[in-house]
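The structure under discussion appears below in the form of structure tokens.
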Amino acid sequence: MKLRIKGNSLRLRLTQTEVKQFEASGQVAAAIHFGETEAAKMSYILQKTDAPEISASYKANCIQVNVPNDLAESWTKTNQVGLSHRMLQKEGAVLDILIEKDFKCLQTREGEVEADMFPNPDEGKFC
């Protein structure tokens, strides 16, 4: 699962295997290690929930993104590419949350392993 943070936006991209895992178990998790201790690790989790809307939180070096069960169900079982939500915060701030199926790139990039990514719908359309 890829994590992208830019400004006040959060974006997760999942491979085919990760989407299947999310569908089956209700959760996908990953982490980035900045050192050898647990305190130097940041985790990120995509979690199914009974909540009415997509949300995100940050506690104890962990970003958790929650997706309502019905949205998760339709996203994992269809060709729907992504889910998005604008989460209102205190004093009018907004956190944009985007969860997407990760597509293969249209151009080959050295060092990239894309075997588990979703087929790109634009593949073969451009020269």
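The values are calculated or read from the model by the stated rules, or taken from the named source; none is laboratory data. Note that the structure is predicted; figures quoted are calculated from it, not measured. Positions of Cβ are generated from backbone atoms using ideal geometry, with glycine treated the same way; all protein chains shown enter the neighbour counts.
Observations on the structure shown:
- Entirely in the stretch 1-56, the strands (runs of 3 or more DSSP E) that have 2 or more residues that are hydroxyl-bearing (Ser, Thr, Tyr) and loosely packed, with under 12 Cβ neighbours inside 10 Å: none
- Considering the conditions (1) hydrophobic (A, V, I, L, M, F, W, C); (2) modelled with pLDDT under 95; (3) more than 12 Å from the chain's Cα centre (by Cα), Val94 is excluded by exactly one of them, (2).
- The stretch 1-27: number of residues that are touching a residue at least 24 places away in the same chain (Cβ under 8 Å), within 13 Å of the chain's Cα centre (by Cα) and under 20 Å from Asp96 (Cα atoms): 9
- Verdict on Gln89 being within 15 Å of the chain's Cα centre (by Cα) and not β-branched (Val, Ile, Thr): no
- Positions within the stretch 57-79 being touching a residue at least 12 places away in the same chain (Cβ under 8 Å), of a type in the set (Val, Ile, Thr) and part of a loop (DSSP other than H, G, I, E, B), in sequence order: none
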